[in-house]
1. Can you pull out the residues in segment 272-287 that are over 12 Å from the mean Cα position of the chain (by Cα), within 26 Å of residue 324 (Cβ to Cβ) and of a type outside the set (Lys, Arg)?
2. Conditions first: (1) touching a Gly at 6+ places or on another chain (Cβ under 7 Å); (2) modelled with pLDDT under 90; (3) closer than 24 Å to residue 417 by Cβ. Residue 327 passes all but one, so which condition is the exception?
3. Among the residues of segment 467-485, write down those that are surrounded by fewer than 17 Cβ atoms within 10 Å (Cβ to Cβ) and small (Gly, Ala, Ser).
4. Has segment 272-289 got any residue that is within 12 Å of residue 244 (Cα to Cα), touching a residue at least 24 places away in the same chain (Cβ under 8 Å) and part of a helix (DSSP H, G or I)?
5. Which condition does residue 233 not pass, out of (1) open to solvent by 20 Å² or more (accessible area, probe 1.4 Å); (2) assigned to a helix (DSSP H, G or I); (3) at pLDDT 95 or above, if it passes all the others?
6. Which condition does residue 499 not pass, out of (1) part of a helix (DSSP H, G or I); (2) within 23 Å of the chain's Cα centre (by Cα); (3) more than 25 Å from residue 173 (Cβ to Cβ), if it passes all the others?
7. Can you name the number of the only condition in (1) open to solvent by less than 20 Å² (accessible area, probe 1.4 Å); (2) among the hydrophobic types (A, V, I, L, M, F, W, C); (3) within 30 Å of residue 304 (Cα to Cα); (4) within 19 Å of the chain's Cα centre (by Cα) that residue 385 fails?
8. Of all residues in segment 542-552, which are open to solvent by 30 Å² or more (accessible area, probe 1.4 Å), more than 15 Å from residue 165 (Cα to Cα) and not in a strand (DSSP E or B)?
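The values are calculated or read from the model by the stated rules, or taken from the named source; none is laboratory data. On a predicted model such as this, the values are computed, not experimentally measured, just so you know. Positions of Cβ are backbone-derived with ideal geometry, glycine not excepted, and every protein chain shown enters the neighbour counts. When the accessible area is computed, the model is the full protein with side chains, heavy atoms only, and any ligands, DNA or RNA have been set aside. Shrake-Rupley method; radii C 1.70, N 1.55, O 1.52, S 1.80 Å.
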Amino acid sequence: MSHRDGVNDPPFFAFNQDAATEILTSTGSDVNKYRSAMQGKDALYKARRENGTAKAPPGISQQIFELIPQANDEEVLKALGQNRVGKENAAVEFAKTSIIQRTWPRLRSIATLYILALSIPISVWGGLLLVVAHVLKGHRLIGWPLNLRSNTRQGYHPTAIVTGARMTKGLHLCRHLHKAGWRVVLVDYDRWWMQGSRLSSCCAAFHTVVDPEQDPIGYFKAISKLARQERAKLYVPVSAPTTAIYDSLTQDVLPKDCVCWTLPPHLTGLLDDKTAFTDLCNKIGLQVPRCFRVESAQEVRDLNASPQKLGNKKYLLKSIPYDPAHRADLFTLPSKAEALDRYLDVIQISQQRPWIVQEYLDGEELSTYAVAYKGKVLAYADNEASLSCLSYGHIESKEIWTWVQKFCKETSCSGQLCFDYMRNSANGQLYSIECNPRTSTVITEFHDHPGLAEAFTNPDKVQDTIRPLNDSPPVYWFWNEIATLVTTGDFKDWWKTVSTGVDATFDPSDPLPFFGLHYMQIPVLLLRNVWTGRPWKKIDLCIGKVVELGGD
């Protein structure tokens, strides 16, 4: 999180692994020493820019160092490079697919479009009944009659830019900020013009910009122009895994009076790297599973052939950069050499696309979302999780809360963070398996909380950590639950979910985004797939996309 006030950001807005290592091992949280270390790094990066030794990753112009000074950082350049290589590898893999291999995804897309069409009457009539009931109870619809379409209506309302509202978590942020009196402007990439959230009565304006993975310089310039054009005072990016590093870099192009709610670029790149995150937690004294970084297939084979090096334990092979196609594979070591070779043939491991061999933990999976400011946790929520979680309810784990508190305090970070955990059934201990330095869908647990926006708009005034309400119903995605009912036949479990919870997208006072997601956003994505034939695994209503090979 950064406030561009015309001077260098204070030390808690920047993070460097070398400086942090020195501080954490010698003086704990000595802010003066931390500031000195970071100023030394800033001088080094400036010298590199001036003498031309800073090198942008392939496919990214050297102009990025002039436009975005914070891009000249080891962790940032590594993250940018990994994203570029990942996209190139995905394009190569897709090019190898045959016409027959592209036919099945097309047929699946056509069949799914047909099923969506059949569901329209249920959604429309059910939605209308809920809206009418909402109005009859004396409630009004969000934004009506107050519709903050400009700063000149209904008096002055400061403007907040929110990106990534195609995802449910982005829509929830829009609603929170709108209810707090802010004029909300949505921004997303050109290919997401059809997102359902643009229909929300919380949305004062909607803009599309070029995808940063296609044109980083064009993206930064567009965001800079929009922020000034809309006179934005707040910038809250809701990032996809592959674009979080770009969103963190926008701090350098926003107006001086616009507060940017992201972690600093260096910390974003570091936390997105699972092995770097593990090293940092070990230095802080927080429990994480043992791991090995591998940058070639041979390194994996060597580990597989040395069970004593693995401590005769089971390990997971996971991609460090986000990989939607293989994130659910759960391939474990040690394994038979033949099985390992077959798996290595279908994945890409290199110095530019490293993987992690992480100790396998069997037990309960948990997740958290936190908004931090100067090392203080302003908002916090947790939940029982799964690899593809589509149900969220706060559990208030004191152990996780203590973990998150210590991490934020030791790093003095400001921004949004998501941590994933495993409670090892073997010893009952809690381990953090990774950090996602961006907004988490766990934010939906605040859906009925009246004060979450305060954490973003007035962080200095938040005294007590904002948590989900004690009686807040859990959230789910209705049509995902219908699919679960059809595949499992467990009506009792289905009824318990839908009768005690609320749909994450549908709000009787703001109903249009629900219909836009299911009958505009997803259908357009499926129609694109009919055209491209790109292999896909599932429709994820939570993040509003069709999970395709090489997706974001």
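1. 273, 275, 276, 277, 278, 279, 280, 281 - these are the residues of segment 272-287 that are over 12 Å from the mean Cα position of the chain (by Cα), within 26 Å of residue 324 (Cβ to Cβ) and of a type outside the set (Lys, Arg).
2. It fails just one condition, (1).
3. 483
4. Yes, that holds for at least one residue.
5. The single condition residue 233 does not satisfy is (2).
6. Going through the list (1) part of a helix (DSSP H, G or I); (2) within 23 Å of the chain's Cα centre (by Cα); (3) more than 25 Å from residue 173 (Cβ to Cβ), residue 499 breaks only (2).
7. Against the list (1) open to solvent by less than 20 Å² (accessible area, probe 1.4 Å); (2) among the hydrophobic types (A, V, I, L, M, F, W, C); (3) within 30 Å of residue 304 (Cα to Cα); (4) within 19 Å of the chain's Cα centre (by Cα), residue 385 comes up short only on (1).
8. 549 - this is the single residue of segment 542-552 that is open to solvent by 30 Å² or more (accessible area, probe 1.4 Å), more than 15 Å from residue 165 (Cα to Cα) and not in a strand (DSSP E or B).
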